[in-house]
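The numbers here are math on the coordinates, done by the rules we state, and not lab data. In this text the structure is predicted, and so the values were computed from the model without any measurement. Every residue, glycine as well, gets a Cβ built from its backbone with ideal geometry; the counts of neighbours run over all protein chains shown.
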Amino acid sequence: MKRLQRTFACCLLLVGSAAAADLSILVNDPHQRAIPGASVTLMSQTSETQTVTAGANGRCTFSGVAEGQYFVQASAPGFDVSAPRSIDIKGGSPFNLTISLGLAEVHSSVVVTASGTPQSTDEVSKAVTVVDSDTMSLRVDRSVGEALIDVPGFHVQQFGGPLSQMLFETRGLRPTDTAVLVDGLRLRDAAGTQADASDVLEDLVLTDTNHIEVLRGAGSSLYGTDATGGVVNIVTDSGGGRTRGSISIDGGSLGSIRGSAHLAGSVGGGRIQYSAGVTHWNVLDGIDGDSPARNTSEQGEITFRLSRIMSLSARIYGADTFSFTRQSPMAVVDLPASGMVEAIPVSLAQQHLYESGLPLSALALGSGNFIADTFDSDSTRTGKFLTGALKLTIRPSEGLSFTAQYQNLRTTRDYGDGPGGPGYYQPTGTNLSQYFGTIQTVNTRVDASLGRFQHFDAGYEFEFEDFQNGLQPPPPTQDFFSDISQHSNALFAQDQIRLLDGRLQFAAGYRAQFFTLNQPRFEPGAGAPFAGESFPSPPTAQTGDLSAAYTLRKAGIKIRSHAGRGYRAPSLFERFGTYFDGMNYTLYGDPRLRPDRSSSIDGGIDQSFWNSRVQLSATYFYTKLNEVITFLTSIDPVLDPLGRSGGYMNTGGGIARGVEFSAAVAATSRLQLTGAYTYTDARQAVALVPGVWQSFDSPHHQYSAFATERFSPRITGFFGYVGSSDYISSLSGGAFQFNGLSRAQTGISFRQPLRGDSAVRLYFKADNLFNQTYFEDGFRTPGVTFTGGTKFEF
């Protein structure tokens, strides 16, 4: 006991002995004039952030900053955010820094997703794009998907109007190959068919988001399952600085009305900093005036600085949603035995007749070969998700920190369907399907700087996952309920090395995850599958990751490369999924499934010149899906150990390869230009339709261009264009070729300062200016739309 007491006392001495310094920062404009009220953010190597507000003299101070390396950024209304400045606090000596805003240059950002630790985008050895809050605000982006439409190598699918189903695809891979994170922790729906984020993407409304980071390339060694092709990390505003907030309301086409409120600041001399936001978005009409939807979202974070080296933070993000679900598009002609056909829609007038009850055989199809998504008057979706997290960080010395995190994620989705609506497959009464998912994650991690040239981190993660499904069919059919769960343990480590004064960087990571399945429960019990069976532990998922970058600073060139293995763990539905028709069970799942496995490489070059006013980037990528989980509609029951006639099995995957180009130009201190182009060749190992090897929903060409002009400190405008080549999609088991996207948008913002720190902002946006009739997998999307609103800032 005495030895334990002495050890504990030594730890307290170590915790209390870390040297500290005061950091003084002056924020001015290019003419050396002070900028009062500027916000300055300090970020440590453990991603902790502090924000303070500059006084009337443009100066602010961070007091008692522990030794270590940090990034500093500044921002102010009417100016672009500054490039991140790397500083090294040592020996408790005061540190002074001057930051100038309004310079004509392309600014880098601080990212965490690429390595799990903060880095400047000028330093990272992987392909990363950052979308900041200023950009999202100017473009009047309302959802996470809208904010990512021009990210190179990234494809956003939205099936209909606002608040409709959405999918993310990276580099020609499947939606399940992109992991979604909130502040570095996985956001997954355990009740989804693939247990990824696909079923909640439509609910991710921008509420209190500081920025979004998109990593392209394998990220499984850092973030585990689903990070095969890339990672989307939604970063919550950390607050801090003076008390400030905003209230906004806007509306426009499709009967859209949206209200938002935001509050942030700090109390107790910065010992407590907070940020919170709430948004209610109502779409009264939607496509064709018959697809209303609503979303109420909340997001926020609060951080308590318990001491100079210890902090505790809490974060929430959630939504409560409702929408009408439309019936999927379908072919209305006989399809060829092989190959693809050009998609030609049945006229909207004939579609409306079909929705009103006219049978397909009575429609005047003309040259149309498919009917788009149709309105079903009593088919609805009600969804909820809530993710809450706690994070404790202890940093006893400059080169050592400990982090412990806990996240609880709950998802609920209810689908109701009644006898109304077109088609032959309507229930005789009301049918209710319910899905409940719970994922609890505990993560501990240690970060250590082994000298100035090496950073090592390692940790352990425990995850419990539970999936429940209930079905209440019309009487007298019997109700169905299932409850399936599993847990996993993971070990991970990463080593980062910097040589030649930081010009040469290496990183290597490894992760192993071990799964344990629990006994499933089905009701009714009679005839239920897997009764009394025990299951061996599923195969361990092991991944590795290597990356390197070399910078020629005088030439402004960075050469980078990245190789990694990815995996996706089988979902609980893929392992135990069943269908109950009221009398008998039909089994789809297989508990023996192995994880999806992939290997990928990418390499590129980044060029900066004209005093950092031009940045160009080119990347080549190649991903091989070595083995994937596929649903086969036809299985020989005699050869299948489970006696299934259809279900999930491990099969060969495919490949996706291509190139990404992007450019950013600060033409003047007021005019910013960006552009991107991606070529993708994605193919399947087994033809999806006889004679069709190209992956569905993956256009060969994607391109975008945006111009942003600050006409004055008060007026800012933008014009943008996003397009793609034709793509192939599946309808009714056939392959249809759809026209590509051609979408232009423009907007303008006017900000009028009022008394003190308050201001009023008026904004307007027009989207799909060419009024293109565009179909996403056969779902009709909006024509030209307009949005206008006002925002009061204080």
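Here are a few things to note about the model shown:
- Residue pairs, from the table K384/K791; K554/K624; K624/K765; K391/K765; K126/K391; K558/K765, whose Cα atoms sit over 30 Å apart: K554/K624; K624/K765; K391/K765; K558/K765
- Dipole magnitude for the chain: about 3020 debye, using +1 per Lys or Arg Cβ and -1 per Asp or Glu Cβ, origin at the Cα centre.
- Chain lengthening between L491 and L365 when straightened (0.36 nm per residue, less Cα-Cα): 39.5 nm
- Estimated 222 nm signal from helices in the chain, with DSSP H stretches of n ≥ 4 weighted -39500 (n - 2.57), rounded to 500: -1500 deg cm²/dmol
- Label-reachable residues, region 317-343, where backbone N falls under 15 Å from a point 7 Å from L386's Cα toward its Cβ: 317-321
- Among 302-315, 560-573, sorting by the average number of other beta carbon atoms lying within 10 angstrom of each residue, highest first, gives 560-573, 302-315.
- Acute angle (nearest 10 degrees) that the helix 2-16 long axis makes with the longest principal axis of the chain, alpha-carbon atoms: 80 degrees
- Placing a label point 7 Å from the Cα of E533 along the Cα-to-Cβ direction, the residues of region 568-611 whose backbone N falls under 15 Å from that point are 572-579, 585-594.
- Length added when fully stretched, S433-R33, from 0.36 nm per residue minus Cα-Cα: 137.7 nm
- Computed packing ranks the peptides 181-194, 634-647 as 181-194, 634-647, most packed first, by mean other Cβ atoms within 10 Å.
- Highest-first packing order for the peptide set 214-226, 23-35 is 214-226, 23-35, based on the mean count of other beta carbon atoms within 10 Å.
- Reported to the nearest whole Å, the Cα centre-to-centre distance from region 226-288 to region 653-718 is 26.
- Once the chain from N518 to L632 is taken as fully extended at 0.36 nm per residue, the excess over their C-alpha distance is 38.5 nm.
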